[in-house]
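Contents: one structure, followed by commentary.
The values are calculated or read from the model by the stated rules, or taken from the named source; none is laboratory data. Keep in mind that what you see is a predicted model, and the values were worked out from it rather than measured. Quick reminder, even Gly has a Cβ in these numbers, built from the backbone with ideal geometry, and neighbours come from all protein chains shown. Side chains are part of the model used for accessible areas, which takes the heavy atoms of the whole protein and leaves out ligands, DNA and RNA. Shrake-Rupley method; radii C 1.70, N 1.55, O 1.52, S 1.80 Å.
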Amino acid sequence: MNLPEQDLAGHIQSLLDDPAHQGHPLYDALQRLLAYSEEQNERLARLVRISDGYHSISHSRQETLTQQYDKQLRRLEKLTRISDRYQNSLRELSDALRDSASRDALTGLNNRRFLTQRLQEETRLSHRKGISYALGILDIDHFKLINDQFGHVAGDKVIVGIGQAIQTALREYDICGRWGGEEFLILLPDTDADAARSVAERVRLRIAELGPALESVLGQAHPISASLGWTQYRSGEDFSETLTRADNALLAAKSAGRDRTVFIA
């Protein structure tokens, strides 16, 4: 008869409990064997409980580590997104600061700082490649009278209008900006004297056409004109020498009656 282990132990215990078997020669040995079997079963049960406990702890710890990893991963992803936004903001701020540092607040054109840097760059390029550039300085004629008669707000609008007129008269790669007050500087890269004279005259005529357009600003018809001094870069000289020569040409244009272009080669 094959019995399950638990039923076999119960069967043996029932035999031992029967008074009729207490004098049997195997009674003591069977009783010790049953006690030993129960002891081993209890030890085995304890080992199983301990093993189950360690497995439960390990599983719980593994879940905790996984959860912590996921939590840290989400935190890092969030920090990365914040960092990306921060970097983008810094880049945009840097671009805005760089742009504001190189732009004239009134006209939106290049300012004196930017123009000086470009003059230096064009001069170095001319030294290396043996090419020339043309440089012009423009001054609004009788601008103080415009300010005195029509006010500074109107004067500012005249400055803005002239800046826009200069831009429309230049080529795509030419550079212009507000040099200061009512003066503008025009830089024509890789340009010979004949081409520079053509551009200069186009600028002067475009400004002369502003009178009717600015009539609504000034409240009445008023002639708008400018004097221009131009020169050509001379090989080997410093840009400041070129600039001084353009300024002298401007003074000559004013002395000759204004509303004209003077070119000193």
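None of 50, 57 is modelled with pLDDT under 70, open to solvent by 80 Å² or more (accessible area, probe 1.4 Å) and farther than 30 Å from residue 168 by Cα except 57. Would you say residue 229 is in a strand (DSSP E or B) and farther than 14 Å from residue 162 by Cβ? Answer is yes for this residue. Taken over region 194-224, the criterion of being at pLDDT 85 or above and assigned to a loop (DSSP other than H, G, I, E, B) is satisfied by 209, 224.
I'd like to check something: does region 153-165 contain any residue that is farther than 16 Å from residue 261 by Cα, among the β-branched types (Val, Ile, Thr), in a loop (DSSP other than H, G, I, E, B) and touching a residue at least 12 places away in the same chain (Cβ under 8 Å)? Taking every residue of region 153-165 in turn, none turns out to be farther than 16 Å from residue 261 by Cα, among the β-branched types (Val, Ile, Thr), in a loop (DSSP other than H, G, I, E, B) and touching a residue at least 12 places away in the same chain (Cβ under 8 Å). Selection of first residues in region 174-200 that are among the polar types (S, T, N, Q) and of second residues that are buried (at least 17 other Cβ atoms within 10 Å of the Cβ) and assigned to a strand (DSSP E or B), restricted to Cβ pairs under 8 Å at least 6 apart or on distinct chains, gives the following pairs, ordered by first then second residue: 191/134.
Please specify each residue of region 125-166 satisfying the condition of being among the hydrophobic types (A, V, I, L, M, F, W, C), within 16 Å of residue 181 (Cβ to Cβ) and under 33 Å from the mean Cα position of the chain (by Cα). Answer for region 125-166, where residues must be among the hydrophobic types (A, V, I, L, M, F, W, C), within 16 Å of residue 181 (Cβ to Cβ) and under 33 Å from the mean Cα position of the chain (by Cα): 159, 160, 162, 166. Within region 104-119, restricting attention to residues that are over 10 Å from residue 179 (Cα atoms) and more than 24 Å from the chain's Cα centre (by Cα), the residue that is most open to solvent (accessible area, probe 1.4 Å) is 106. Residues in region 206-238 that are of a type in the set (Gly, Ala, Ser), farther than 12 Å from residue 157 by Cβ and in contact (Cβ under 8 Å) with a residue 12 or more places away in the chain: 208, 211, 225, 226, 227, 229, 235, 236.
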